[in-house]
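Have a look at the structure below, then the notes.
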């Protein structure tokens, strides 16, 4: 069987009784997170512009159109919902993908058409999360990362929709194949600054739903699209990790769910946590801020540099200096301050703080992240899948793609003996991808050291490893952050009573959650 057929066979046969209770509970957490993120975007200017465009021409149908008092076609509701859930980058993610935009919204919205019960919706959500994470992992060594792995929504949507439409394993395989045949490869300029960022998940999610409808009508796709050397993975990765596509039903990626406590890229969260632990100090008392971080945070900040000359609700999402400035100026980082109006009003003071922030890479922090990611990305399994020469070739291409990071291929190759040797516990973890015990103990670690130099000569320091709301945080996990997000921002769309009813519907696994939207 091809990888597509194997995936579809698993997706078609999965029953809720097969899913661990913790995974099902995390799906409820993810529902709260996504719907809270949707509500938090209700006052965002770009989100409103997308809503105006969609609702103006939405077809008739049973699905709620967010921010309006009408319903429309499922495709239109999904497009709008995915745009609002990504608008402020105030979402959730699993180890290799931001799957929630499609994994949550497709089952809830399509159920208004199919009448699928809560259990079937939850199964579809699990399928979407698990397959989406594996596709992101298979494309790990490539030009894209994080939200830019938007192709996961085409696949996740096709499989989730196919489940609710009653497709058998054969039709489900063709739905997945159709979704991956023309899966998107988004551009960095379109994601880092303009309104187009908002439709990053919308377009592929709707394409996946359409693929399921096509497959239901008998349309076929290339079942070898994940195996062929000129297929999907060669288009989105430098070195495909095809073994990442396995482990379905034995290792559960949903266990790594993380919920962002702040609007913005996850790689910023620990910096904001550190500042909040320090007060945060008021902007007028700060002379400068030094942030030491690992490759992921530094890479994100470097990529955002050419787009972050001005602070907008999109550009600040990926810039460490701008986020530091917002927190010190506002005393918080939330949807109420990440607005065009607030950012414009405080532009002068924000720029003063931004210009005082220094972001530098520290290898010990990169290694600390690598040590925890070795739980879900075992070095020996990685080397077996990619081969040492393939891995080095992929790292070289990564370096060519991201020239501004300030390190070279010789620096990167230092990681190889560290990953396979005894240093800091490397090499003693699982020997294959998707080990369920490793997934259960995984910590989403983006360590930083933050030093705030005060105008009076004092220095305040804080170190943070695992962000609040992330998998493995010992104090505040994803459940607490997701509930707080829904309760605080849900009333912006559904009022206090409506939000309480929605929370109760999620908790009780109500069949018609969309009725409260």
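The values are calculated or read from the model by the stated rules, or taken from the named source; none is laboratory data. In this text, all values refer to a predicted model and were calculated from it rather than measured experimentally. Reconstructed Cβ throughout: ideal geometry from the backbone, glycine too, with neighbour counts over all protein chains shown.
Residues are listed down the side, and each one gets a yes or a no for (1) over 20 Å from residue 41 (Cα atoms); (2) part of a strand (DSSP E or B):
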site: 322; (1), (2): no, no
site: 325; (1), (2): yes, no
site: 332; (1), (2): no, no
site: 338; (1), (2): no, no
site: 341; (1), (2): no, no
site: 349; (1), (2): yes, no
site: 352; (1), (2): yes, no
site: 359; (1), (2): yes, yes
site: 364; (1), (2): yes, no
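Quick one: would you say residue 67 is on the phi > 0 side of the Ramachandran plot, assigned to a loop (DSSP other than H, G, I, E, B) and touching a helix residue (DSSP H, G or I) at 6+ places or on another chain (Cβ under 8 Å)? Answer is yes for this residue. Sort out which residues of segment 113-136 are closer than 24 Å to residue 87 by Cα and in contact with a strand residue (DSSP E or B) (Cβ under 8 Å, 6 or more places away or on another chain), and write them in order of number. The answer is 129, 132, 133, 135, 136. Residue count for segment 49-71, restricted to those that are at pLDDT 95 or above and under 16 Å from residue 489 (Cα atoms): 1. When segment 27-43 is filtered for residues that are surrounded by fewer than 24 Cβ atoms within 10 Å (Cβ to Cβ) and farther than 23 Å from residue 122 by Cβ, the ones remaining, listed by number, are 42, 43. Taken over segment 150-199, the criterion of being closer than 22 Å to residue 308 by Cα, under 18 Å from the mean Cα position of the chain (by Cα) and modelled with pLDDT under 95 is satisfied by 186, 187, 188, 190, 191, 192, 193. In segment 382-401, the residues that are free of Cβ contacts under 8 Å to residues at least 60 places away in the same chain form Cβ pairs under 6 Å with partners that are surrounded by fewer than 16 Cβ atoms within 10 Å (Cβ to Cβ) and part of a helix (DSSP H, G or I), at six or more places apart or across chains, as follows: 396/409; 399/409. Checked against (1) over 26 Å from residue 433 (Cα atoms); (2) within 26 Å of the chain's Cα centre (by Cα); (3) surrounded by fewer than 21 Cβ atoms within 10 Å (Cβ to Cβ), residue 214 meets all criteria but (2). Is there a residue being in the same structural domain as residue 14 (by TED's automatic domain parsing) and at pLDDT below 95 anywhere in segment 211-229? Checking segment 211-229: at least one residue is in the same structural domain as residue 14 (by TED's automatic domain parsing) and at pLDDT below 95. Looking at 481, 506, which is the one that is at pLDDT 95 or above, more than 19 Å from the chain's Cα centre (by Cα) and not assigned by TED's automatic domain parsing to the domain that holds residue 288? Within the list 481, 506, the selection yields 506.
The set of residues in segment 91-128 that are in contact (Cβ under 8 Å) with a residue 60 or more places away in the chain, under 24 Å from residue 467 (Cα atoms) and part of a loop (DSSP other than H, G, I, E, B) comprises 91, 95, 96, 98, 104. With respect to the conditions (1) without any contact (Cβ under 8 Å) to a residue 60 or more places away in the chain; (2) surrounded by fewer than 18 Cβ atoms within 10 Å (Cβ to Cβ); (3) not in a loop (DSSP other than H, G, I, E, B), residue 189 falls short on a single one, namely (1).
Please verify whether residue 147 is crowded, with 23+ Cβ neighbours inside 10 Å, within 16 Å of the chain's Cα centre (by Cα) and more than 25 Å from residue 391 (Cβ to Cβ), treating the condition exactly as stated.
Working: crowded, with 23+ Cβ neighbours inside 10 Å: yes; within 16 Å of the chain's Cα centre (by Cα): yes; more than 25 Å from residue 391 (Cβ to Cβ): no.
For residue 147, the condition - crowded, with 23+ Cβ neighbours inside 10 Å, within 16 Å of the chain's Cα centre (by Cα) and more than 25 Å from residue 391 (Cβ to Cβ) - is not met.
Taking the conditions exactly as written (modelled with pLDDT under 95 and in the same structural domain as residue 53 (by TED's automatic domain parsing)), does residue 239 satisfy them or not? It is true that residue 239 is modelled with pLDDT under 95 and in the same structural domain as residue 53 (by TED's automatic domain parsing). For residues that are in contact with a strand residue (DSSP E or B) (Cβ under 6 Å, 6 or more places away or on another chain) and over 30 Å from residue 136 (Cα atoms), scanning just segment 329-382, find the one that is surrounded by the most Cβ atoms within 10 Å (Cβ to Cβ). Per the criteria, the residue is 357.
One line per residue, one yes/no per condition, for (1) touching a residue at least 12 places away in the same chain (Cβ under 8 Å); (2) touching a strand residue (DSSP E or B) at 6+ places or on another chain (Cβ under 7 Å); (3) closer than 30 Å to residue 242 by Cβ; (4) not assigned by TED's automatic domain parsing to the domain that holds residue 333:
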position	(1), (2), (3), (4)
9	yes, no, yes, yes
17	no, no, yes, yes
50	yes, no, no, yes
63	yes, yes, no, yes
84	yes, no, no, yes
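If the condition is being in contact with a helix residue (DSSP H, G or I) (Cβ under 8 Å, 6 or more places away or on another chain), surrounded by 17 or more Cβ atoms within 10 Å (Cβ to Cβ) and more than 30 Å from residue 22 (Cβ to Cβ), then segment 445-477 contributes 449, 450, 452, 462. In segment 464-491, the residues that are at positive phi form Cβ pairs under 7 Å with partners that are surrounded by 19 or more Cβ atoms within 10 Å (Cβ to Cβ) and in a helix (DSSP H, G or I), at six or more places apart or across chains, as follows: 469/478; 469/481.
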